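The values are calculated or read from the model by the stated rules, or taken from the named source; none is laboratory data. These figures come from a predicted structure and were not determined experimentally. Here the Cβ positions follow ideal geometry from the backbone for every residue, glycine too, while neighbour counts run over all protein chains shown. Just so you know, the surface numbers come from the protein's heavy atoms only, side chains and all, with ligands and any DNA or RNA stripped out. Shrake-Rupley method; radii C 1.70, N 1.55, O 1.52, S 1.80 Å.
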Amino acid sequence: MVAEALTYRYRPTVSFELMPPRRPEAAPKFWETARRLVATNPDFVSVTYGAGGGDRATARQVVATLLEGTPVLPIAHLTCVGASREDVSAVVDEFLEAGVRSFLALRGDPPRDQPDWRPPADGVHSSIELVALLREVEARRCAVDPAAAVRGAARPLTVAVATFPDGNRQAGTTRAQEVHRLLEKQQAGASFAITQLFYAADSYTDFVTEARAAGVTIPILAGLMPATEPRRLRRVEELTGVPAPQHLLDALDALPDPEAQHAYGTAFGVELAQRVLDAGAPGLHVYTFNKYRPALDLLEGVHLGGRTPHGVPDLARRPLVPSIPTQAPAV
């Protein structure tokens, strides 16, 4: 019993990112993915929406469904780019009224087809300001509504933020600047951080070391993407500016079929995940792109495939994939 308690106490957190379906015909596949992921009893699931917030209503519906029909904690993504302070406050109120108590506060991306675009003067201009606004809206609701104050005391508002261990290439920031920004997010009221994806353990460990030295104390989760599809890796580079290692792309391209790519990419992800966990990462946040198999195989490889209802880790029964070489095989 003591061994079980200690194992559970120090178990890393497991969480997933889901993207709501953009078309009605995609909904059944999406909900099957959600069902498979929720069945592993993750610590939370974050629900994103597309650039510009075009499918925000669908995201709210997904969050509400998860709240009402599953035991999982949903975290609602919230962006502020291009929105006025009044509009963002109204959206926050809607989420809070629906029972949402956890947010991932993001600035969001400006419109790509508008090179001369400028944020509105009365807008929320950064994720730092958004964190502060979330706290302000919650405080205002608690001040005017005693019931809301009680609910807030029982279920405190949680605000997660993103952070960029190798700097934000799209914003042109360095690692040192991102460390400083994370400290500012913490001071504004952030509860914990999730990193942008990375492909080398040093990216995470060096960033955490610098952040701790700067005074950041909140937990920093390692954000990982299963590296099983070379096409996906290249597309993510276009979207985020984070390039996959050339040796990984070469190795995947040289393999004969998707199953071989899946095995190799999973092994790469397992090794990376294990290294950051061994270095003290408090948890793994998996960017699923709405595909459950790569995410679950990655977690099974590091023996985090799920939990029993009693909280004891359901360890993987077998090694999923062999260790991978550090360089690509010869083509």
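For the reader, a short list of remarks on this structure follows.
- In Hz, Karplus ³J(HN,Hα) per residue of the range 205-221 (6.51, -1.76, 1.60; θ = phi - 60°; x = Gly, Pro): 5, 5, 5, 4, 4, 5, 5, 5, 5, 7, x, 6, 10, 5, x, 10, 7
- Mean separation of Cα contacts under 8 Å (6+ apart) over length of the range 76-206, as relative contact order %: 25
- Solvent-accessible area, 1.4 Å probe, carbon plus sulfur percent, for the range 132-290: 54
- Remark on Ile194: its backbone amide H falls under 5 Å from those of Val161, Ala162, Thr163, Leu221, a criterion applied only to residues 5 or more positions apart or on other chains, H modelled at 1.01 Å from N.
- Rounded to whole numbers, the Karplus 3J(HN,Hα) couplings from phi for the range 292-303 are 7, 4, x, 5, 6, 5, 4, 5, 5, x, 10, 6 Hz, using 6.51 cos²θ - 1.76 cosθ + 1.60 with θ = phi - 60°, and x at Gly and Pro.
- The peptide list 224-230, 39-45, put in order of mean Cβ contacts within 10 Å with the highest first, becomes 224-230, 39-45.
- Net charge of the neighbourhood of Arg175, taken over other residues with C-beta under 13 Å away and scored Lys/Arg +1, Asp/Glu -1, is -3.
- Scalar couplings 3J(HN,Hα) for the range 57-70, obtained by applying the Karplus form with A = 6.51, B = -1.76, C = 1.60 to θ = phi - 60°, are 5, 5, 4, 4, 5, 5, 4, 5, 5, 5, 4, 7, x, 9 Hz; x denotes Gly and Pro.
- Distance (nanometres) between label positions extended 7 Å along Cα→Cβ at Ala154 and Thr13: 2.2
- Summed side-chain charge close to Val88 - residues other than Val88 whose Cβ falls under 12 Å, Lys, Arg +1, Asp, Glu -1: -4
- Under 5 Å, built H, 5+ apart or other chain: amide partners of Gly123: Arg85
- Taking 7 Å steps out from each Cα toward its Cβ at Glu68 and Gln187 produces label points 4.2 nm apart.
- Within the shell of other residues whose beta carbon sits under 15 angstrom from the beta carbon of Glu271, the net charge comes to -3, with Lys and Arg scored +1 and Asp and Glu -1.
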